[in-house]
Structures are given as C-alpha cells and as structure tokens.
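The values are calculated or read from the model by the stated rules, or taken from the named source; none is laboratory data. Note that the structure is predicted; figures quoted are calculated from it, not measured. Here the Cβ positions follow ideal geometry from the backbone for every residue, glycine too, while neighbour counts run over all protein chains shown.
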Amino acid sequence: MKAISIKLNLEVPEWVDEEKFAARLKRIAGKVIYPEKLSSEDVREIFGTFEEEIEPVDVRKMEKKRIKWLYSILQ
C-alpha cells in the first residue's frame, strides 16, 4: 500500500487540539477511501465488472452425446 503525505495549513481557533483534529481527519479520510459498505454499482465501477445473460448448458446431455460418439468410432 502506498502512503501519501498531505501538508495543509488551516486556520483554527486556539482551543482546537491539533492531535485530536489530525486523528479525526485521518479517520474521516479512511472512511471515505475505505468505506465499510459499497453498493453493487460502486463495486462494478471500481473493479470494471459487468452483468451478462448466459444460457444454461445441459452438461449431461452433452456428455451422453460424447460417449455415443466415442462408442461409435470404436466399433
């Protein structure tokens, strides 16, 4: 994972604790960058996936045809 350092000068009141502010800012950034839940649309966009309609295949029927063909060439 890559670490990025961001330096930012903000003007805040004197009573703001810098360490607590930085910790909260990191926590907020973590939730934005690594959210706990993602919608299916977000996942599709991130990973580039898509939906596709496929026809079911009867594997047993295909296997029967293959066995008949093998048997026919062996006779």
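Could you tell me whether region 33-42 includes any residue that is among the small types (Gly, Ala, Ser), modelled with pLDDT of 80 or more and loosely packed, with under 10 Cβ neighbours inside 10 Å?
Step one: list which residues in region 33-42 are among the small types (Gly, Ala, Ser), which gives 39-40.
Applying the additional criterion that residues be modelled with pLDDT of 80 or more yields 39-40.
Keeping just the survivors that are loosely packed, with under 10 Cβ neighbours inside 10 Å gives 39-40.
Taking every residue of region 33-42 in turn, at least one turns out to be among the small types (Gly, Ala, Ser), modelled with pLDDT of 80 or more and loosely packed, with under 10 Cβ neighbours inside 10 Å.
Examine region 2-25 for a residue that is exposed (fewer than 10 other Cβ atoms within 10 Å of the Cβ), among the charged types (D, E, K, R), at pLDDT 90 or above and assigned to a helix (DSSP H, G or I), and state whether such a residue exists. No, that holds for no residue. Restricting to region 43-75, name every residue that is closer than 30 Å to LYS2 by Cα and either loosely packed, with under 10 Cβ neighbours inside 10 Å or aromatic (Phe, Trp, Tyr) (or both). Of everything in region 43-75, those that are closer than 30 Å to LYS2 by Cα and either loosely packed, with under 10 Cβ neighbours inside 10 Å or aromatic (Phe, Trp, Tyr) (or both) turn out to be ILE46, PHE47, GLY48, PHE50. Sub-8 Å Cβ pairs linking a first residue in region 43-70 that is under 30 Å from ILE33 (Cα atoms) to a second residue that is assigned to a loop (DSSP other than H, G, I, E, B) and aromatic (Phe, Trp, Tyr), at least 6 apart or interchain, are ARG44/PHE50, ordered by first then second residue.
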